[in-house]
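Accompanying notes for the structure given below.
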Amino acid sequence: MAFRRRNKSYPFFSQEFLIQNHADIVFTLVIFILIGLMFEATAKTAILFIQPQYNITTLSPEGEVTTYQYGWKDCATILFYLF
């Protein structure tokens, strides 16, 4: 019985490596973001990838008014949900 020869191992940043391992790479990034939510020091950065809006507080005669708007900060969220 002959041993099977291992498949060729591609260089780390080659296109073939990315094609074969893209799911593992994306899964690892998602896990790092979710683990970042667990610690107070990194939660403020990690929340940019989860929360799809940010608030703006303005003063009015009735008091403080909080509105939620979309903007450039949502780029990280869009990329997180697309991949």
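No value in this document is a laboratory result; all are computed from the given coordinates. A quick note: this is a predicted structure, and the numbers were derived from the prediction, not measured. Reconstructed Cβ throughout: ideal geometry from the backbone, glycine too, with neighbour counts over all protein chains shown.
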Which value in deg cm²/dmol, rounded to the nearest 500, describes the helix-derived mean residue ellipticity at 222 nm for the chain, given -39,500 (n - 2.57) per DSSP H run of n ≥ 4 and division by the residue count?
-> -14500 deg cm²/dmol
Taking other Cβ within 10 Å of each residue's Cβ, how do LYS73, LYS8, LYS44 sort, fewest first?
-> LYS8, LYS44, LYS73
How much length, in nm to one decimal, is gained on full extension between CYS75 and THR45, taken as 0.36 nm per residue of separation minus their Cα-Cα distance?
-> 9.5 nm
By counting other Cβ atoms within 10 Å of each Cβ, how are THR77, THR42, THR58, THR28 ranked from fewest to most?
-> THR58, THR28, THR42, THR77
Here the convex hull volume per residue of the chain, taken over Cα atoms and given in Å³, is 147
What's the angle, to the nearest 10 degrees (0 to 90), between helix 15-36's Cα axis and the longest principal axis of the chain?
-> 40
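Mind checking the full-extension length gain between LEU34 and GLU16? Use 0.36 nm per residue of separation minus the Cα-Cα distance, one decimal, nm.
Taking LEU34 through GLU16 to full extension adds about 3.7 nm, to one decimal.
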Of CYS75, ILE35, PRO61, whose Cα points farthest to the positive end of the dipole of the chain (charges on the beta-carbon: +1 Lys, Arg; -1 Asp, Glu; origin at the Cα centre)?
-> ILE35
Proxy reagent accessibility, fewest Cβ within 10 Å first, across GLU40, GLU16 = GLU40, GLU16
